[in-house]
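Engineer: Please find one structure pasted underneath; my questions will follow.
Please treat every number below as a calculation from the coordinates, not as lab data. Computed from a prediction, not measured in an experiment: that's the story for all the values here. Heads up, the Cβs are rebuilt from the backbone with ideal geometry, glycines too, and the neighbour counts pull from every protein chain shown.
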Amino acid sequence: MRILVIGSGGREHALCWKIAQSAKCSKIYCAPGNGGIRQIAETVDINADDIASLLEFAKANNIDLTVVGPETPLVKGIVDIFQAAGLKIFGPSENCALIEGSKIFAKVLMKRAGVPTAAFKIFENIEDALLHAATKTLPFVVKADGLCAGKGVVICRTQEDVRLALENMMVAKAFGASGERVIIEDCLVGEEASIIVLSDGKTIVPLASSQDHKRIFDGDMGPNTGGMGAYSPTPVITNDLFKKIIDTIIYPIINTLAQDGTPYKGVLYAGIMVTKDGPYVLEFNARFGDPETQAILPRLKGDLVEAMERSIDGKLANFSLAWDARPCVSVVLASGGYPNGYEKGMEIKGLEEAAAMRDVIIFHAGTRRGRRATDDNKLLITSGGRVLNVTALGDDMQRATDNCYNAVKVIRFEKMHYRRDIGARALGRKR
Ligand code: AMP
Ligand code: GLY
């Protein structure tokens, strides 16, 4: 099969890497890709949300299967558009992608499906939101309805935080139409985990559990980021809890959407807070997690392409995926300054040495090949906030973590920043 992967991050590098192992795959393209993806796929200079150009490319190049990485094209309806043109594409329809594209849609759906989530109220103007906020015990959470590239959630500890968050979203319109409506919801306390499943509309096949580390600094300090590292599996999700999440969260959502006549196909990602009262949903995503995917796919023994085809064809019943029992840890190397301003164009060194280490895989996120007169166009340079995902398997969590950080040590670029405590929670270390 000729397969097109859409996106340019570490998640898409991991997807291309896994897809390339499938006996079904004869050729991979990636649009737009990055400096590492280029080594295993033919990169195509089309942006991930330029759906018209992607469609034209897929038709002209006889693409047999398209796999969508990021949320924006899904929310814009790329799956419906490709299907209408007779092309096979893995992912949820525009209607189902609203589960990520509109937090209000997701909350109302959860309520209808009886899925545990924080108590909430919806607001369409700032006056009503402020009146409600004044009556509520702090802390609580203000969320913009639409896509905000991970910046639309504010945990408010003072009424001043609330006012600033609401003014930013509803008056200054920092996120455009995404902030026209907001949710105010209760704060949940516990440990977070990611449960990612494949769905064919009726039946789901879960991937292994994982845990992300969203804050920029060790000990979960500093601002939120796109994710600074992940590991799989996460011990907070015991076998019993895993089953409970599938039965009381995932299936009720899949069944409710099927009853609505809009069956959910593709990846469904549940961001879970494990509270003392059991698992609650923080959010749903309509796609693979980043960086969770980089820690999950190295453990997958089965054929991801077959699983995606079965999702599209409604044939996930009696299908399961086999997993490597060894844990996997993935650490993000970021540009100094990220998630705020940072410089690009730093030369990356030590990558080949790191990649040659046992049980180590390097996924690229923000890299590209340099274009300096002297470097023969081969130098690898930084081109984004999150630059590399250094990933390692090991016989146990300690060994996986050691393998990973030993590889991190040999990679260098100016102002490189990474967290030193990815996996620490699983190891039970004191922060
Ligand atoms: P979301 O995009 O909704 O997952 O929110 C991003 C992050 O904000 C989550 O991963 C949590 O760390 C945090 N968060 C979101 N909602 C809540 C909540 N109700 N209580 C506590 N933390 C939350
Ligand atoms: N790792 C969080 C996300 O993919 O949204």
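Engineer: From the list Ile254, Ile249, exactly one residue is in contact (Cβ under 8 Å) with a residue 60 or more places away in the chain and more than 16 Å from ligand 2 (Cβ to nearest atom). Which is it?
Structural biologist: Ile249
Engineer: Of all residues in the stretch 1-43, which are touching a residue at least 40 places away in the same chain (Cβ under 8 Å), more than 19 Å from Leu300 (Cα to Cα), of a type outside the set (D, E, K, R) and surrounded by fewer than 18 Cβ atoms within 10 Å (Cβ to Cβ)?
Structural biologist: Correct list: Met1 only.
Engineer: Which residue out of Lys121, Lys143 is crowded, with 17+ Cβ neighbours inside 10 Å, in a strand (DSSP E or B) and on the phi < 0 side of the Ramachandran plot?
Structural biologist: Checking each option against the conditions leaves just Lys143.
Engineer: Same structure, new question: Can you tell which of Ile46, Ile6, Ile19, Ile81 is part of a strand (DSSP E or B) and hydrophobic (A, V, I, L, M, F, W, C)? So that I can check it myself, show each step before the final result.
Structural biologist: On the way: Ile46 fails: part of a strand (DSSP E or B); Ile19 fails: part of a strand (DSSP E or B); Ile81 fails: part of a strand (DSSP E or B).
Exactly one of Ile46, Ile6, Ile19, Ile81 is part of a strand (DSSP E or B) and hydrophobic (A, V, I, L, M, F, W, C), namely Ile6.
Engineer: Are any residues in the stretch 169-196 more than 16 Å from ligand 2 (Cβ to nearest atom), buried (at least 18 other Cβ atoms within 10 Å of the Cβ) and not in a loop (DSSP other than H, G, I, E, B), and if so, which ones?
Structural biologist: Listed by number, the residues that qualify are Met169, Met170, Gly179, Val182, Ile183, Ile184, Glu185.
Engineer: Among all residue pairs at least 6 apart or on different chains, which show Cβ distances below 7 Å where the first residue, located in the stretch 286-302, is within 16 Å of ligand 1 (Cβ to nearest atom) and the second is of a type in the set (Asp, Glu) and not in a helix (DSSP H, G or I)?
Structural biologist: What qualifies is Gly289/Asp212; Pro291/Asp212; Glu292/Asp212.
Engineer: How many residues does the stretch 306-365 hold that are under 23 Å from Asn34 (Cα atoms), in a loop (DSSP other than H, G, I, E, B), in contact with a helix residue (DSSP H, G or I) (Cβ under 6 Å, 6 or more places away or on another chain) and in contact (Cβ under 8 Å) with a residue 60 or more places away in the chain?
Structural biologist: 1
Engineer: Touching a residue at least 24 places away in the same chain (Cβ under 8 Å), surrounded by fewer than 24 Cβ atoms within 10 Å (Cβ to Cβ), more than 30 Å from Gly179 (Cα to Cα) and in contact with a Cys (Cβ under 6 Å, 6 or more places away or on another chain) - does that describe any residue in the stretch 83-105?
Structural biologist: Looking through the stretch 83-105, none of the residues is touching a residue at least 24 places away in the same chain (Cβ under 8 Å), surrounded by fewer than 24 Cβ atoms within 10 Å (Cβ to Cβ), more than 30 Å from Gly179 (Cα to Cα) and in contact with a Cys (Cβ under 6 Å, 6 or more places away or on another chain).
Engineer: Could you please find all residues in the stretch 210-230 being at negative phi, under 13 Å from the mean Cα position of the chain (by Cα) and either in contact (Cβ under 8 Å) with a residue 24 or more places away in the chain or crowded, with 24+ Cβ neighbours inside 10 Å (or both)? I'd like the intermediate steps shown before the answer.
Structural biologist: Start the filter on the stretch 210-230 by keeping residues that are at negative phi, which leaves 210-218, 221, 223-226, 228, 230.
If we keep only those that are under 13 Å from the mean Cα position of the chain (by Cα) as well, we get 210-214, 225-226, 228, 230.
Within the stretch 210-230, Ser210, Gln211, Asp212, His213, Thr225, Gly226, Met228, Ala230 meet the criteria.
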